[in-house]
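The values are calculated or read from the model by the stated rules, or taken from the named source; none is laboratory data. Computed from a prediction, not measured in an experiment: that's the story for all the values here. Backbone-built Cβ (ideal geometry, glycine too); neighbour counts: all protein chains shown.
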Amino acid sequence: MSTVVQTHRSRDVLAGLIFLAIAIAFGWEATNYELGRALRMGAGFIPLTLSALLGILGAIVVAAGLRREGETEVGPVPWRGILLVSIALILFGAYGRSLGLVPVVFLCSAVTALASARNTVLSALAIAAALSALCWLVFKLGLGVSLPTVGPLFGPLQVF
Amino acid sequence: MDLLSHLALGFETAFTVTNLLWCFVGVLLGTLVGVLPGIGPTATIAMLLPITFTFAPVTALIMLSGIYYGAQYGGSTTAILINLPGESSSAVTAIDGYQMARKGRAGAALATAALGSFFAGSVATLILAIAAPPLARVALNFGAADYFALLVLGLLVSISLAHGSVLKALAMIALGLLLGTVGQDVTSGTPRFTLGFRELYGGINFVSLAVGVFGVAEIFRNLENERTREVGVSRVTNLWLTRADFRAIAAPVLRGTAVGSLLGILPGGGHVLSSFASYSMEKNLAADKSAFGHGAIQGVAGPESANNAAAQTSFIPLLTLGIPAHPVMALIVGAFILQGITPGPNVINDQPALFWGIIASMWIGNTMLVILNLPLIGLWVKMLTIPYRVLFPAIVIFASIGCYSINNNPFDVYAIAVSGVVGYALIRLGCEPAPLLLGFVLGPLLEENLRRAMILSRGDPLVFFQRPISATLLALGLICIVLAALPSIRRKRDTVFVEED
């Protein structure tokens, strides 16, 4: 089992910076909305307050993190897994309707399965085939989802 | 007797063929995901939520609740047989349960877990039935300021129960609240943080967020280091307990039920905390402490009863106040809202059949679970041999289909990917996802009640300290934060939450 060392300092500082960045982005945008008064708060009041709160908390996390010692061992970041799973989800969203349920499930499960280093191309295709059959049974036959079985992209082969 | 007539109504509702069937499906699925490590009830309920849209409200809620308490049963099987918590709340069961299994007493450990859970689940459901109506009556007197204070208290309590840094948990809540403001403002209609996308006017899809941070982020974590699971015990025999066993577990089961029922009401993951609390209680009370860690049957009986009792009583804040105690309950709120019902004190009066039907179904479900878990144990052992590399593509695909079919909106599927990646990054940096989700769900409620309270008080912020209910609730919240930040309690929390989902 491979591990990488993560210092508590870098972990906390990074987490705090992420909070700070999000707070600044939201706070910036929130200034465009009407602030209102305490009696009748506008659309921007709560978002601005929350952004400020998040920003303050983020800054404290960074400050406290700078003084922390120690480290933990964690697993390596699964870049390949993150990339492939994200691609699969985006493919599903973008082409789900035009491809249809069965083709999109086949495509996306094959891509997702390859996220694991333990799956070969062959086993990924087998998993994809099995899941396509299962999803068709459960979601189309059983629950009747609105996605077509085979989408309009296949022209005359389309199946509803 | 009011209670009896209510329960009669409940059983009448729950005993229809449709409801019995879906209750069974719910507890079956719950057991399944409980048994399988790497997928929990949160992700499962999130995935199935859209599908229940076509059901009658009572059927949908019966099934979704079944998944949740069913998972508490299933988790113990994995803990006992392969020393891995199938569910975070069964992490302590693994300590003594696995040792019992190694000594050839797997059957006894499984029977203890199932019977203890059954007893605790039934008693806690009764507590729920008795306590909910009066609490709901109290809640009807709550004003906007009191609700605001209650929501703040709920969020703060959830921090003191989360593990890890209090600061980061606070920041995660703030982030969740902020994400909750995305979408059209209810009062003025101004679109907020939509970046010009029409799809975001309704806000970030809650199901996508839940599936992302609890399902997909968990997959990324499991992909860090892939291991093969070893099933140590392939055949389980002798599921009967001896008379001596029964005597040994009676007291721990009772104590576990009491602890669990109490802690389950608290926001923030009472079922996890309660099993740890029960374990340390049994260890302290035991005459022979050395047996713990080497297969003490009390160490299985107590925690397993506690987590199941907590699973049932965590419905109390939801059904009486409309406030979810933890992410799973937040999803159940989502289910109520999808069905067009606002959860809260009114449900019990406006929809008595729904309310009592859910409660009655819990007894039915618990009975089904004992039957599912003991005689069918061989089936669950087989399930454990499904490798993870087959399992996670199924999770991703089911999640995509589920989220897509809520609104037929591709945006909801993209949102899974974004929340999965961001969630994974934050989890890896030591931030807990549960407070984020809780903040996200409670955010809109919090904002609405704050604005309403301010209008009612003519803009005087002191109203929160002048009303006795809200002042008390806010003071309690402050105490929680102070306690959680105290060094001695922080150390305790660190040791308690050794294993979490």
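Yes or no, residue by residue, for (1) of a type in the set (Val, Ile, Thr); (2) within 13 Å of chain A (Cβ to nearest Cβ):
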position	(1), (2)
B:Asn141	no, no
B:Asp146	no, no
B:Leu150	no, no
B:Ala169	no, yes
B:Met172	no, yes
B:Gly176	no, yes
B:Thr181	yes, yes
B:Pro191	no, yes
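Considering the conditions (1) within 20 Å of the chain's Cα centre (by Cα); (2) within 14 Å of chain A (Cβ to nearest Cβ), B:Leu426 is excluded by exactly one of them, (1). Inspect segment B:63-74 for any residue being surrounded by 24 or more Cβ atoms within 10 Å (Cβ to Cβ) and more than 14 Å from B:Ala311 (Cβ to Cβ) and give the result as yes or no. Checked against the condition, which is being surrounded by 24 or more Cβ atoms within 10 Å (Cβ to Cβ) and more than 14 Å from B:Ala311 (Cβ to Cβ), segment B:63-74 yields at least one hit.
Could you tell me whether segment A:85-106 includes any residue that is farther than 30 Å from B:Gly183 by Cα, at pLDDT below 95 and surrounded by fewer than 18 Cβ atoms within 10 Å (Cβ to Cβ)? No, every residue in segment A:85-106 fails to be farther than 30 Å from B:Gly183 by Cα, at pLDDT below 95 and surrounded by fewer than 18 Cβ atoms within 10 Å (Cβ to Cβ).
In this structure, does A:Leu53 turn out to be within 30 Å of B:Met454 (Cβ to Cβ), out of contact with any His (no Cβ under 9 Å at 6 or more places or on another chain), in contact (Cβ under 8 Å) with a residue 40 or more places away in the chain and surrounded by fewer than 20 Cβ atoms within 10 Å (Cβ to Cβ)?
Numbers: within 30 Å of B:Met454 (Cβ to Cβ): yes; out of contact with any His (no Cβ under 9 Å at 6 or more places or on another chain): yes; in contact (Cβ under 8 Å) with a residue 40 or more places away in the chain: no; surrounded by fewer than 20 Cβ atoms within 10 Å (Cβ to Cβ): yes.
Considered against the rule, which asks whether it is within 30 Å of B:Met454 (Cβ to Cβ), out of contact with any His (no Cβ under 9 Å at 6 or more places or on another chain), in contact (Cβ under 8 Å) with a residue 40 or more places away in the chain and surrounded by fewer than 20 Cβ atoms within 10 Å (Cβ to Cβ), A:Leu53 comes out as no.
What about B:Leu21, is it assigned to a helix (DSSP H, G or I), more than 18 Å from the chain's Cα centre (by Cα) and surrounded by fewer than 23 Cβ atoms within 10 Å (Cβ to Cβ)? Here the answer is yes, as B:Leu21 does meet what is asked. Put simply, of B:Leu384, B:Leu372, B:Leu379 the only residue that is over 16 Å from B:Ala46 (Cα atoms) and free of Cβ contacts under 8 Å to residues at least 24 places away in the same chain is B:Leu379. Considering only segment A:133-152, I want to know if a residue exists there that is hydroxyl-bearing (Ser, Thr, Tyr), more than 8 Å from every other protein chain (Cβ to nearest Cβ), within 27 Å of B:Leu48 (Cα to Cα) and not in a helix (DSSP H, G or I). Yes - at least one qualifying residue is present in segment A:133-152.
A Cβ distance below 8 Å, combined with a sequence gap of six or more or placement on separate chains, defines the contacts here; from segment A:60-71, residues that are surrounded by 13 or more Cβ atoms within 10 Å (Cβ to Cβ) reach residues that are not in a helix (DSSP H, G or I) in the pairs A:Val61/B:Ser165; A:Glu71/A:Val5; A:Glu71/A:Gln6; A:Glu71/A:Thr7. Cβ-Cβ contacts under 6 Å between residues 6 or more apart (or on different chains), taken from a first residue in segment B:38-61 that is within 14 Å of chain A (Cβ to nearest Cβ) to a second residue that is part of a loop (DSSP other than H, G, I, E, B) and surrounded by 23 or more Cβ atoms within 10 Å (Cβ to Cβ), are absent.
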